[in-house]
Amino acid sequence: MKLIKLALVSILILFAIATGIGLLFPATVIVSRAVNINAPKDTIYTLVKDLNGWKQWVNGMNENNVTIETPLKGQLGNSSVVIQSNQRDTIHSVWTGRKGDEQLSDIHLYHNNGQMETVVQWEFRQELSWYPWERFGSMMNDKILGTMMEKNLNNLKDLLEQH
């Protein structure tokens, strides 16, 4: 009986310590990547404003597990994507995972009128709960999302600069 009591108390203490350490991590995680593209903002905008344009530069968009219901709504593997607004400078979308967890995504287009170059910045934001496994798991967001974002932004750059 003492051994069971010791095990339960130990588990509770370890959970409390993990929760305390997890609360030191930020509640909002932002992963951001950017690329400079030698193309006009309007040309880039046509490829990033909706899911039909994403087919040309986002890896995996032409696979069987991708369903585009409308240009602004689709299922990309395990995530449902809804583009909520697409203005000339910012495309705002919400990515909802299988378990209902949401990530907000923005693609920003920054253009210097004196130059042909446009900066395309893509960022994902996720609000985390207090659960320690969410906080510790968020440490992998940059490695997983960042790598995917870099590849896709480079695909966009290659597509537009190949002329």
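The values are calculated or read from the model by the stated rules, or taken from the named source; none is laboratory data. Just so it is clear, the structure is predicted and the values come from calculations on it, not from any experiment. Here the Cβ positions follow ideal geometry from the backbone for every residue, glycine too, while neighbour counts run over all protein chains shown.
What the table below lists for this structure:
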item	result
Cβ-Cβ under 8 Å pairs, at least 6 apart or on other chains, region 143-163 side polar (S, T, N, Q), far side exposed (fewer than 14 other Cβ atoms within 10 Å of the Cβ)	152/59; 155/59
Residue 123 being in contact with a Ser or Thr (Cβ under 7 Å, 6 or more places away or on another chain) and charged (D, E, K, R)	yes
Number of the exception - residue 127 against (1) at pLDDT 95 or above; (2) under 30 Å from residue 11 (Cα atoms)	(1)
Boolean, residue 104 is surrounded by 14 or more Cβ atoms within 10 Å (Cβ to Cβ), at pLDDT 85 or above and in a strand (DSSP E or B)	yes
Qualifying residue in region 91-99 (condition: touching a helix residue (DSSP H, G or I) at 6+ places or on another chain (Cβ under 6 Å), in a loop (DSSP other than H, G, I, E, B) and over 24 Å from residue 159 (Cβ atoms))	no
Top-ranked residue in region 135-158 [being under 16 Å from the mean Cα position of the chain (by Cα) and over 25 Å from residue 83 (Cβ atoms); ranked as modelled with the highest pLDDT]	143
Test result for residue 41, over 20 Å from residue 159 (Cβ atoms) and either out of contact with any Lys or Arg (no Cβ under 9 Å at 6 or more places or on another chain) or basic (Lys, Arg) (or both)	no
Top-ranked residue of region 31-72 - restricted to ones that are aliphatic (A, V, I, L, M) and assigned to a strand (DSSP E or B), ranked as surrounded by the fewest Cβ atoms within 10 Å (Cβ to Cβ)	34
In region 1-25, the residues that are touching a residue at least 24 places away in the same chain (Cβ under 8 Å) and either exposed (fewer than 11 other Cβ atoms within 10 Å of the Cβ) or among the aromatic types (Phe, Trp, Tyr) (or both)	15, 25
Residue check, residue 52 touching a Lys or Arg at 6+ places or on another chain (Cβ under 7 Å), more than 16 Å from residue 33 (Cβ to Cβ) and polar (S, T, N, Q)	no
Candidate set: region 107-163, residues that are within 23 Å of residue 79 (Cβ to Cβ) and small (Gly, Ala, Ser); chosen: the one surrounded by the fewest Cβ atoms within 10 Å (Cβ to Cβ)	129
